[in-house]
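Structure first, commentary second.
None of the figures in this text is laboratory data; all of them are computed from the coordinates on show. As the structure is a computational prediction, the values presented were derived from the model and not from experiment. So basically every Cβ, Gly included, is an ideal-geometry build from the backbone, and we count neighbours across all protein chains shown.
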Amino acid sequence: MPLTRVTLTSGRSLDLAELRLTSTYGGMLEGYPCKPVNEMAIRGLLTTAERTHPGTPVHLIPPTPERDDSHAGPFGPVETLPPVACVGSFRSTALDPALDPVLHRSALTVVWFQQTVGVPSGDDAEESLRRIDWESLAEDDELVAPVLVVCGGLLTWSALQTPA
């Protein structure tokens, strides 16, 4: 069951399966928000998204920094990103209509920034999120039946997925 559903401007419905919200500058101990710091933060989020969701394409919705030229430091002017960094795992129906809709779905992991800690939902999600070109960014994958795994004497269920 999804956390919520987001409706794209194209009309496609996406299920938000997983959402990670973090403070954009939460780990910053010294310095100031500027272009090099922002680029490093974005690279870190993309790397985390790729490692957390291997085999699923990752897309960044480019943030719009607020720039303050009156307080320039050694690394350039102050450029502040929105305070909440988001990594969301989205699912939808398969892109290829020839695929079995019971066994296939499309998937995309999205990285974006927003002003509040709210969960995107329905038509109220941020416009930049709702404008995602799902058909060119997402990829189909095949759902595989759960497999019983023995690990250290414990039995666990694991759902395997393979790219279509």
field: GNM result for the chain, Cα springs below 10 Å: residue of L103, L46, L14 fluctuating most strongly
entry: L103
Top of T47, T24, T109 by mean-square fluctuation, Gaussian network on the chain, Cα under 10 Å: T47
- request: Name the long-range amide H neighbours of T4: under 5 Å, sequence gap of 5 or more, or other chain; modelled H, no Pro or chain starts.
  value: L16
query: Which value in deg cm²/dmol, rounded to the nearest 500, describes the helix-derived mean residue ellipticity at 222 nm for the chain, given -39,500 (n - 2.57) per DSSP H run of n ≥ 4 and division by the residue count?
result: -4500 deg cm²/dmol
query: For H71 and S136 in the same chain, what is the full-extension length gain: residue separation times 0.36 nm, less their Cα-Cα distance, in nm?
result: 19.4 nm
statement: Taking the convex hull of the alpha-carbon atoms of the stretch 57-99 and averaging its shadow over every direction gives an area in square nanometres of 4.9 nm²
- prompt: Given a Förster radius of 30 Å and the C-beta distance between V102 and R20 as r, what FRET efficiency does 1/(1 + (r/R0)^6) yield to the nearest 0.05?
  reply: 0.55
Among E18, E135, E30: highest mean-square fluctuation, GNM of the chain, C-alpha pairs under 10 Å: E30
Cα-centre dipole for the stretch 1-125 with unit charges at Cβ (Lys and Arg positive, Asp and Glu negative), debye to 20: 280 debye
- request: Go through the stretch 105-122 residue by residue and turn each phi into a ³J(HN,Hα) via Karplus (6.51, -1.76, 1.60, θ = phi - 60°); whole Hz please, and just put x for glycine and proline.
  value: 8, 10, 9, 7, 9, 10, 10, 8, 10, 8, 7, 10, 8, x, 7, x, 8, x
task: Report relative contact order for the chain in percent, whole number only (criteria: Cα-Cα under 8 Å, sequence separation at least 6).
output: 25 percent
field: Options P74, S106, A49, ranked by Cα towards positive dipole end of the chain, top entry (Cβ charges)
entry: A49
- request: Name the residues whose placed amide hydrogens come within less than 5 Å of the amide hydrogen of T24, ignoring near sequence neighbours (fewer than 5 apart) on the same chain.
  value: V84, A85
query: Looking at [x] 17.0; [y] 19.1; [z] 17.7, which value of Kirkwood radius over Cα pairs in Å comes from a calculation on the structure shown?
result: [z]
Mean-position separation - Cα centroids, the stretch 86-119 and the stretch 51-65, in angstrom: 11 Å
